[in-house]
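Structure, as structure tokens:
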Amino acid sequence: MPHSNVDAAAKGVKVGGALMVRRVASAKLVSASSHLLFRATILATLGLVCLFAVHYPSLLSHSFRLSSGGGSKRAASRASHRSLLGSSLSAAAVSYGGAAWDREVRRSAAPRREGGKSVLVTGAVGFVGMHCSLALRARGDGVLGLDNFNSYYEPSLKRARQRLLASRGVLVLDADINDAALLERLFDAAPFTHVLHLAAQAGVRYAMRAPQTYVASNVAGLVSLFEVAAKHADPQPAIVWASSSSVYGLNKDAPFSEEHRTDQPASLYAATKKAGEAIAHSYNHIYGLSITGLRFFTVYGPWGRPDMAYFSFARSIVAGEPITLFRTADGADARRDFTYIDDVVKGCLGALDTAGKSTGSKSGKKRGPAPLRVYNLGNTSPVPVTRMVAILEKLLGKKANKRVVTMPSNGDVPFTHANVSHAARDFGYHPSTSLDAGLRHFVDWFVHYYKLDPAKIAKGKLTKKKSMVMSAAS
């Protein structure tokens, strides 16, 4: 070969080799970035668990004692957990672990239709929990509820929801998801096919005042439930649980898709829900639990949460008190993808109906991969919060006293917008309730529940003390 040809070939080899080196280096960089992102998520999860351990050592030790024995302490715990019935048996008569307790648990959890599900619903007297429990019961599924009736908002509203559930034959136990012994006893008493896990500490701003409660409920509580479902339940149930649209955090791409990044939470609440999604991945991978996470977008409607904007604004309008509206730094109104409760319930039931079976067992052996899914449940139509207030003003017949301020850096985000194409494809989720129609249903319930006189509201003759006394109506 001529000398010039050899030189040219050598140069070609050098150039090709350099390009190959660059490609390999680029691939390594992408791989390293992916590994770093995964490790950061795991470290954040471990950090939250450590925070819980530091601030709640007594609760952790209590759960360990319940799980590992201790006759007198177990008996004391059983005596403290009462089933709260509004039906045939009184609350005092049905003690945790007794024969009557077992019968009531099995009765409530037993399906009423052939092929029906047996569903444990945690957070059953919460807003979404109550509506889902009623819908499951109405179609013939067995439902057993669990709730700790905490005082984040008025427990009297939760008791009213409980009475409504009891009137439909749904038993709700007053207990905590961190009580591993109780959870084990429940799975011994009833072979649940599914768990709808809705128990959580909600609220974005409250996390700044009580951060440990979020770790206790949203991280440790989730682990407690997964542990029992993975290692004690036989057979393992399929689990559908409430994540949150808050995991999208500072994401600016819209509409929010399940493929978008969720590693920039804007609040501790969002961080605990993101941690929950990482924990779900671990239990699915190791133990074969079938797990579906649902990212709710601003759910509203009758029997709602009083801390939500639409509810608190309605109360303030009736009482003649000012409401605070947020605008972004550039003057734009905050916007939310308000999703009516009936649409969300259909999504929850669709997720339950399409949840594949878990593949693990008490022995620790896994037959194969189990489903791990996550879905947005939203309305797909972001609305300015000012528009929501205008609808409330019209329905209540009274103008709001509005105070507009720049949105603070306390965990709130300027807008939410759901892409629900995955849920539509996999279980036919199609939200259909407009904000006008949904708020009309809410106001009808609100006026009835609080026993308000619409004429007096319009004339401003209701005081806060008189108008906001909780009704015993169910």
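The values are calculated or read from the model by the stated rules, or taken from the named source; none is laboratory data. Quick caveat, the model's predicted, so the values are computed rather than measured. Here the Cβ is made from the backbone with ideal geometry for all residues, glycine too, and neighbour counts use every protein chain on show. Remember, those area values only see protein heavy atoms, side chains included, never the ligands or the DNA or RNA. Shrake-Rupley method; radii C 1.70, N 1.55, O 1.52, S 1.80 Å.
Taking the stretch 152-185 only, how many residues are touching a residue at least 60 places away in the same chain (Cβ under 8 Å), in a loop (DSSP other than H, G, I, E, B) and touching a strand residue (DSSP E or B) at 6+ places or on another chain (Cβ under 8 Å)?
2
Report whether or not Arg367 is over 19 Å from the mean Cα position of the chain (by Cα) and either part of a helix (DSSP H, G or I) or of a type in the set (A, V, I, L, M, F, W, C) (or both). Steps first, answer last, please.
Working: over 19 Å from the mean Cα position of the chain (by Cα): yes; either part of a helix (DSSP H, G or I) or of a type in the set (A, V, I, L, M, F, W, C) (or both): no.
Answer is no for this residue.
Go over the candidates Gly364, Gly320, Gly356, Gly304 one by one and state the one that is touching a residue at least 24 places away in the same chain (Cβ under 8 Å) and crowded, with 20+ Cβ neighbours inside 10 Å. Spell out the reasoning first.
Working: Gly364 fails: crowded, with 20+ Cβ neighbours inside 10 Å; Gly320 fails: crowded, with 20+ Cβ neighbours inside 10 Å; Gly356 fails: crowded, with 20+ Cβ neighbours inside 10 Å.
None of the other options fit; the residue is Gly304.
Residues of the stretch 371-400 being β-branched (Val, Ile, Thr), touching a residue at least 60 places away in the same chain (Cβ under 8 Å) and within 30 Å of Trp241 (Cα to Cα), which ones?
If we filter the stretch 371-400 for residues that are β-branched (Val, Ile, Thr), which is where we start, we get 374, 380, 383, 385-386, 389, 391.
If we keep only those that are touching a residue at least 60 places away in the same chain (Cβ under 8 Å) as well, we get 374, 380, 385-386, 389.
Matches in the stretch 371-400: Val374, Thr380, Val385.
Please pick out the residue among Ser167, Ser151 that is over 19 Å from Val228 (Cβ atoms), under 19 Å from the mean Cα position of the chain (by Cα) and of a type in the set (Gly, Ala, Ser).
Details: Ser167 fails: under 19 Å from the mean Cα position of the chain (by Cα).
Of Ser167, Ser151, the one residue that is over 19 Å from Val228 (Cβ atoms), under 19 Å from the mean Cα position of the chain (by Cα) and of a type in the set (Gly, Ala, Ser) is Ser151.
Given the structure, is Val404 among the β-branched types (Val, Ile, Thr) and either out of contact with any strand residue (DSSP E or B) (no Cβ under 9 Å at 6 or more places or on another chain) or open to solvent by 40 Å² or more (accessible area, probe 1.4 Å) (or both)? Steps first, please.
On the way: among the β-branched types (Val, Ile, Thr): yes; either out of contact with any strand residue (DSSP E or B) (no Cβ under 9 Å at 6 or more places or on another chain) or open to solvent by 40 Å² or more (accessible area, probe 1.4 Å) (or both): yes.
Here the answer is yes, as Val404 does meet what is asked.
Could you list all residues from the stretch 407-440 that are buried (at least 18 other Cβ atoms within 10 Å of the Cβ) and under 16 Å from Val345 (Cα atoms)?
Val420, Ala423, Phe427, Tyr429, Pro431, Thr433, Gly438
If you go through the stretch 206-224 one residue at a time, do you hit one that is open to solvent by 50 Å² or more (accessible area, probe 1.4 Å), on the phi < 0 side of the Ramachandran plot and among the hydroxyl-bearing types (Ser, Thr, Tyr)?
Looking for residues that are open to solvent by 50 Å² or more (accessible area, probe 1.4 Å), on the phi < 0 side of the Ramachandran plot and among the hydroxyl-bearing types (Ser, Thr, Tyr), one finds at least one in the stretch 206-224, hence yes.
Out of Val228, Val247, I need the residue that is open to solvent by less than 10 Å² (accessible area, probe 1.4 Å), of a type outside the set (S, T, N, Q) and in contact with a Ser or Thr (Cβ under 8 Å, 6 or more places away or on another chain). Which one?
Every option except Val247 fails the conditions.
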